[in-house]
Amino acid sequence: MSPRLAARLGSGLFWAAVALILAYMTIPALVVLMTSLSPSELLEFPPSGLSLKWYARAVSYPDFQAAFANGLIVTAFASTCALAVGSAFAYLIDRYVFPGRAALEAVLSSPLIVPHFTTGFGFLLLGAGLGIGRSYLLVILAHVMLVLPFVIRSVYVSLRNLDPHLERAAANLGASPWRVLSRVTLPLLLPGMAGGWLVAAILSLTEFTASLYVTAERTQTLPVAMYTYIREYTDPTIAAIAALLILGTTALIFVANRYLGLRRILSIDAH
Amino acid sequence: MKHRVPRRRPFFLAFLLPSLLAAGLFLAALGDVLQYSFRTFIPGSLDVGGFTLENFLRIGRPIYLSVLLDTVTISVLTALFTLLLSYPVAYALVRARRDWVRTLLIILAITPLFTGEIVRTYAWILVLGSNGFVNSLLKDAGLITAPLSLLYTRFGVTVALVQFSMPVMIILLATAISHVDRNCERAAANLGAPPLMVFWRVTLPLTMPGVISGTIVIFAWTMSAFSTPQLIGGGKVLMISNLVYLQGLSTFNFPFAAVLSLLALLVAMGSLGLIRPAIRRLERRVALH
Amino acid sequence: MGQGAAAGTPPFAAETAVELVGVGKSFGPVTAVRELSLAIRRGEVLTLLGPSGCGKTTLLNMIAGFEEPSAGRILIDGRDVTEVPPYLRDTGMVFQSYALFPHMDVFENVAFGLRMRKLPKAKIAAEVMRALEMVKLGGLERRRVRQLSGGQQQRVALARAIVLRPKVLLLDEPLSALDKNLRAQMQVELKELHERTRLTTLFVTHDQGEALSLSDRIVVMSRGEIQQIAAPIELYRHPANSFVASFIGEINRLPPARCRLSGGEIVFSLAGIELTAARRDDLALGDGQQVHLFVRPEHLAVAAEAAGGRNRIACRVVTHVYQGTHTLTRVEAGALGVLQLRVPGGAVIERAPPGSEIGVEINLDEAVALPD
């Protein structure tokens, strides 16, 4: 075999492997979409027809409606709070050296490492201790902590990429620190903050394990309601909800890629 | 990078306070777990009794040890398979020539990360169930007559966990691969190394820090997976997280649940903490920083 | 794929090491290299010189096999390697960024190619040591490459390539990452290294100084096309077109002139002025032909008197740029526009301050006349 042929063959095999692996990653989502459109009560492949009845059932199911509303409330507050806290902290660690900086950074990024059930369980105990029970407040606090590392990271990267001369130029032209922050720094950080907020919102909306501990029936979020449903019923109503979530996040990712450039955000463009 | 240290620190306190508050809350939550782990369980009550070490001794019972062992086994296997499957995708993602291929790859690769664990777990129930996608496919092909039991097995749990872990691994590996100087690979080829040799002698060694940290991150991550073993394991495959849930929210044995949570936390932090110096050293060696 | 010589391929000449036959490369709608043919003689240093984006690096990458040509064939030692992958081409590339393997020490870097050829251990060690001695890096073989200075890294990259005695050594702007003093020193060493190894070398640079001092022949490229192939002196003295004339060295381009042959002389009339030159073989111009004259700054001199005399014109000094061994003086020469003179030393700065009137003598003995 000529080396050139071998190279072609090797590259063909490589891409075939990549395609297979991607199929493995993608097929579950496709199966969900397929199931959600099936008219049958039982799970079956291939589906015997096409129907939207599970979607109708899913959106009209009161538990899901309530849980979705809860989720939106929690997500809105949690990701916005996390954005404020996280941006401020990212600014601090980019600009200042102060005692305890490393420790504070370690604590605030540890929710990435601490198992979600440990965090959830901890906040459950904390809620009981503070006498706030499994209220919205507790759920929001837990979510703020869980998404905070992502916001800090995103804003921090934007700060790092900021040309420090711009702020000096503004100060040199007579802008007060507050004006520098509001007229120069913040506008330039907006893409990073928007990206951080978006990631935080998606993660909060879909967070399950910790939420299972800190929510009560009154405050349960959508993933918790779905979990309860899966344990009790086997019909494809969940498939419809799941399909909506899959399509929603895929669309969001497309948008994020278009306007923010995923490869740039993740810094995986070849040098 | 040097940090600028101005004499005046605008916004310092205003920006610091919210972070301190958040850190305080989080530490208080973890502190509660620690505190409960030393308290006596009073069956039938949410209140706890005096201080004791008994909860820690309870882990030593064979039934809990076997859960611990299962958790570690599943996590190790998941981390290794995730690595094997993610590397080719990450490589393709960085090195594909066409822009649209790279965009398609990144979207396919990271979308599963954002659909949430319940959706992903449910999807695998549909794929692995006895009337599910795989069994229907095999039956239609005439390869099997009775459905294979894939659900409620360690195999099924691992298959699902690997898929969940891949986006994170792909991102970590792709970052590492993108930092490899393309010309180093070209130089190796120019010196006579065939493609596989270039990979083995240049690309892989230079991405080793990413490989190791990725594998450990996935290991720690899988150690704390909950919904997959809960739903796909269906009580037949128990991981530490399921035990915490059982003890905490079914039996309401908060003290023992606290001990198990701490244990999981320690394993996760320990495995990540242990490798940090090793990774640093490796990164210096291949001069990434 | 058709093997061997395509129709029109000239027969392989024994003294040719590398031959490009109608090689072209386009990236989509963008043409990087227009189809061109070129032969590198065995043992020579051939330089591809041109501004960035002229296609020289693409050409180098095609010879190394990193890029596939869109058209044409590439022959190394008479063998058609157009379809051969890089690792079987036996070319020795030195990258602009050196591309040393950061996870290996100096010895392992240099040994890499020998290991790929599965040479016995003892032989590898001997060859590596010899190559390192040759680039004056003896004793540093166990250093990590990141602990080396830029110049040392450059030498490792060279040693790594020459240790294999490649059929052609490909140097991609190898000196551009070095600071100025080191660059001058490495130029000398590269030259000496070539004297000793006699490796066929293709050198890519955008620095005309490097090209002039290192090359046996220079290929001037612009916009994917070859402008001229010539030895350095030839190139400097007789540029083939106005691109080459202005790219190599400093040159004054005079307004269009009409020639008139009169006895042993050629008279150029331009913008109401007449300049005369002795007839020379390389100024084969016809009567009445329209040309542009190109004159190097060193062929302009400050005259004793302001006006009168052959090829002397009245000018007003604009600026002086003092450069140590000489001064570059810009003068306003009326209809001839702004001219640049290269005056030895710095005395001219005091003698003719900006604004003063001086006479400038234009020596046309080495001037270049290019048709319009």
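The values are calculated or read from the model by the stated rules, or taken from the named source; none is laboratory data. The structure presented is a predicted model; accordingly, all values stated were derived computationally and were not measured. Cβ atoms come from the backbone with ideal geometry, glycine included; neighbour counts cover every protein chain shown. Areas reflect the complete protein model, heavy atoms only, side chains present, ligands, DNA and RNA absent. Shrake-Rupley method; radii C 1.70, N 1.55, O 1.52, S 1.80 Å.
What the table below lists for this structure:
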quantity	calculated
Sole exception among (1) closer than 30 Å to A:Tyr227 by Cα; (2) surrounded by fewer than 23 Cβ atoms within 10 Å (Cβ to Cβ) for B:Pro229, by number	(2)
Given (1) under 30 Å from B:Leu243 (Cβ atoms); (2) at pLDDT 90 or above; (3) more than 7 Å from every other protein chain (Cβ to nearest Cβ); (4) assigned to a helix (DSSP H, G or I), number of the condition A:Leu244 does not satisfy	(1)
Residues of the range C:97-113 classified as open to solvent by 10 Å² or more (accessible area, probe 1.4 Å), more than 8 Å from chain B (Cβ to nearest Cβ) and not aromatic (Phe, Trp, Tyr), total	3
Single residue of C:Arg223, C:Arg253 found to be at positive phi and open to solvent by 50 Å² or more (accessible area, probe 1.4 Å)	C:Arg223
Matching residues in the range C:167-208 - criterion: being in a loop (DSSP other than H, G, I, E, B) and either open to solvent by less than 40 Å² (accessible area, probe 1.4 Å) or closer than 16 Å to C:Ile63 by Cα (or both)	C:Lys167, C:Glu173, C:Pro174, C:Leu175, C:Leu178, C:Leu199, C:Thr200
Among the candidates C:Leu46, C:Leu75, residue that is in a strand (DSSP E or B), more than 18 Å from the chain's Cα centre (by Cα) and not acidic (Asp, Glu)	C:Leu75
Selection from the range C:97-129 of residues that are over 32 Å from the mean Cα position of the chain (by Cα) and in a loop (DSSP other than H, G, I, E, B)	C:His103, C:Met104, C:Arg117, C:Lys118, C:Leu119, C:Pro120
Residues within the range C:139-157 that are within 19 Å of C:Val188 (Cβ to Cβ) and out of contact with any strand residue (DSSP E or B) (no Cβ under 6 Å at 6 or more places or on another chain), tallied	8
When residues of the range B:114-129 are limited to those that are more than 18 Å from the chain's Cα centre (by Cα) and part of a helix (DSSP H, G or I), the one farthest from the other protein chains (Cβ to nearest Cβ)	B:Leu128
Members of the range A:174-197 found to be surrounded by fewer than 13 Cβ atoms within 10 Å (Cβ to Cβ) and part of a loop (DSSP other than H, G, I, E, B), listed by number	A:Gly174, A:Ser176
Positions within the range A:247-266 being facing chain B (nearest Cβ under 9 Å), aliphatic (A, V, I, L, M) and more than 21 Å from B:Thr175 (Cβ to Cβ), in sequence order	A:Leu252
Positions within the range A:7-28 being open to solvent by 30 Å² or more (accessible area, probe 1.4 Å), facing another protein chain (nearest Cβ under 7 Å) and aliphatic (A, V, I, L, M), in sequence order	A:Ala7, A:Ala17, A:Ile27
Selection count, the range A:224-241, where residues are in contact (Cβ under 8 Å) with a residue 40 or more places away in the chain, open to solvent by less than 20 Å² (accessible area, probe 1.4 Å) and assigned to a helix (DSSP H, G or I)	9
Residue that is modelled with the highest pLDDT, among those in the range C:338-356 that are surrounded by 13 or more Cβ atoms within 10 Å (Cβ to Cβ) and over 22 Å from C:Tyr236 (Cβ atoms)	C:Pro354
Elements of type strands (runs of 3 or more DSSP E) contained in the range C:218-285, each with 3 or more residues being farther than 15 Å from C:Glu366 by Cβ	C:225-230, C:257-262, C:265-270
When residues of the range B:211-226 are limited to those that are in a helix (DSSP H, G or I) and within 11 Å of another protein chain (Cβ to nearest Cβ), the one nearest to B:Ser45 (Cα to Cα)	B:Met223
First in the range A:195-219 and farther than 28 Å from A:Val157 by Cα and more than 10 Å from chain B (Cβ to nearest Cβ), second anywhere and among the aromatic types (Phe, Trp, Tyr) and open to solvent by 10 Å² or more (accessible area, probe 1.4 Å), Cβ under 6 Å, 6 or more apart	A:Thr219/A:Tyr136
Given (1) under 24 Å from B:Asn190 (Cβ atoms); (2) assigned to a loop (DSSP other than H, G, I, E, B), index of the condition C:Glu133 fails	(2)
Per-region count, the range A:35-54, residues facing chain B (nearest Cβ under 8 Å) and either assigned to a helix (DSSP H, G or I) or of a type in the set (Gly, Ala, Ser) (or both)	1
Elements of type helices (runs of 4 or more DSSP H) in the range B:227-289, at least 3 residues being at pLDDT below 85 and under 21 Å from the mean Cα position of the chain (by Cα)	B:254-285
In the range C:138-166, residue most open to solvent (accessible area, probe 1.4 Å) [restricted to those that are assigned to a loop (DSSP other than H, G, I, E, B) and over 20 Å from C:Gly43 (Cβ atoms)]	C:Arg142
Scope the range A:73-125; condition aliphatic (A, V, I, L, M), at the interface with another protein chain (Cβ under 7 Å from one of its Cβ atoms), open to solvent by less than 30 Å² (accessible area, probe 1.4 Å) and farther than 20 Å from A:Gly196 by Cα; matching residues	A:Val114, A:Leu125
Flag for C:Ala125 being surrounded by 14 or more Cβ atoms within 10 Å (Cβ to Cβ) and either closer than 21 Å to C:Tyr87 by Cα or within 14 Å of chain B (Cβ to nearest Cβ) (or both)	no
Residue identified as part of a helix (DSSP H, G or I) and open to solvent by 50 Å² or more (accessible area, probe 1.4 Å) among B:Leu83, B:Leu108, B:Leu93	B:Leu108
Qualifying residue in the range A:137-158 (condition: away from chain B (no Cβ under 11 Å), in a loop (DSSP other than H, G, I, E, B) and open to solvent by less than 30 Å² (accessible area, probe 1.4 Å))	no
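Condition check ((1) modelled with pLDDT under 90; (2) within 26 Å of B:Leu93 (Cβ to Cβ); (3) away from chain A (no Cβ under 11 Å); (4) buried (at least 23 other Cβ atoms within 10 Å of the Cβ)) across all residues:
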position	(1), (2), (3), (4)
B:Ser136	yes, no, no, no
B:Asp140	yes, no, no, no
B:Leu143	yes, no, yes, no
B:Gly156	no, no, yes, yes
B:Leu161	no, yes, yes, yes
B:Val180	no, yes, no, yes
B:Met208	no, yes, yes, no
